[in-house]
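See structure below.
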Amino acid sequence: MYKLAGREYKTESSVFEIAERKIGGENFSVIAGPCSVESESQILSIAESVKNSGAAFLRGGVFKPRTSPYDFEGLGLDGLEILKLARAKTGLPIVTEIVSEAHLDIFAEQVDIIQVGARNMQNFALLRQIGGLGKPVLLKRGLSSTIDELLMSAEYIMTGGAEQVILCERGIRTFEPSTRYTLDLSAVPVIREKSHLPVFVDPSHAAGYAHLVEPLALAAAACGADGLLIEVHNCPEDALCDGAQAITPEVFSSLMRRVERVREAVAYKE
Ligand code: PEP
Ligand code: MN
């Protein structure tokens with residue numbers, strides 16, 4: 001059924017090398033940064049601190065899909081220039097979300113991992129075109145999508161020609177209102193059974209509240225995730241997007257140390 005993403009097609013877990021960093025297999029990687037790029041000083045300060053804490057990639061949105069058309073939609077291509085500057089200063093490869101076919105070429109040229117957000121997980125025409133770029137992709141699970149639908153979307157990207165697709169569980173919509181979404185941690189072992197692709201967890205969007213991010217991150221590490229996507233902001237109360245779920249660089253640093261201890265304790269092996 002999953003001709004390219006399935007375990008039947010490839011029994012060994014995939015290990016990708018992206019910008020000289022390994023993802024999947026025995027490796028655990030953390031992608032961190034603010035929800036959106038807001039200014040040069042904001043990104044440079046966050047990039048330095050997450051790097052010092054052990055993050056492998058810097059992520060910041062420059063095109064933000066917002067529920068309300070009156071909210072901040074990102075700095076656009078000016079934001080991408082700022083991200084590139086942060087990459088040049090810190091050496092951290094950059095991850096950012098694509099929302100339009102108009103930006104395929106520029107993303108192909110300038111971005112290390114192209115993020116497909118939850119809202120575009122089933123934008124099939126976009127998925128095929130992204131696949132055609134042959135670049136690494138971080139594919140987030142749709143707000144109300146099943147695991148099989150997520151894997152089929154990976155299949156769309158891979159039929160286009162790309163091989164390096166990272167899947168990301170980011171919470172699904174349920175009847176529970178205490179959290180922004182419900183983190184479906186069972187997706188991690190279920191995906192591992194069905195697919196050879198690496199699976200990441202984004203506890204930030206699932207939780208919606210900063211104080212819940214760390215416990216969910218630890219649980220994700222314990223159940224075998226290949227990595228995390230964490231929103232970090234130097235001043236969460238002033239963030240232009242998703243401030244309530246952003247953790248500070250200090251909390252991120254302690255989270256990273258505790259995640260490492262969980263990984264040592266569970267010692268997953270292929
Ligand atoms: C994001 O990563 O900032 C984001 C918008 O996430 P999602 O697509 O999972 O809602
Ligand atoms: Mn966000």
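The table for this structure:
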| quantity | calculated |
| --- | --- |
| Rounded FRET efficiency, nearest 0.05, which uses the C-beta distance separating Lys3 from Glu109 and R0 of 25 Å | 0.30 |
| Over 20 Å between alpha carbons, listed pairs Lys3/Lys194; Lys84/Lys135; Lys64/Lys84; Lys10/Lys194; Lys64/Lys194; Lys51/Lys84 | Lys64/Lys194 |
| P(r), alpha carbons of the range 115-172 - 10 Å bins starting at zero, rounded % | 30, 60, 11 |
| Inter-centroid distance (Cα atoms) of the range 165-220 relative to the range 10-60, Å | 17 |
| Antiparallel DSSP beta bridges within the chain, percent to nearest 5 | 15 |
| Lone cysteines, the chain (no partner Cβ under 4.7 Å) | Cys168, Cys223, Cys235 |
| Solvent-free Debye scattering, log10 I(q)/I(0), computed from the Cα coordinates of the chain at q = 0.17 Å⁻¹ | -1.46 |
| Probe 1.4 Å, accessible area per residue of the range 219-270, Å² | 47 |
| Theoretical FRET efficiency, 1/(1+(r/R0)^6), r = Cβ-Cβ of Ser186 and Glu260, R0 22 Å, to 0.05 | 0.40 |
| Antiparallel DSSP beta bridges within the range 119-228, percent to nearest 5 | 10 |
| Global geometry of the range 1-132, whether rounded, prolate or oblate, following the gyration tensor of its Cα atoms and the 1.5 cut on a/c | oblate |
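The values are calculated or read from the model by the stated rules, or taken from the named source; none is laboratory data. Remember, it's a predicted structure, so these values are computed and weren't measured experimentally. Glycine gets a Cβ as well: all are built from the backbone with ideal geometry, and neighbour counts include every protein chain shown. Side chains are part of the model used for accessible areas, which takes the heavy atoms of the whole protein and leaves out ligands, DNA and RNA. Shrake-Rupley method; radii C 1.70, N 1.55, O 1.52, S 1.80 Å.
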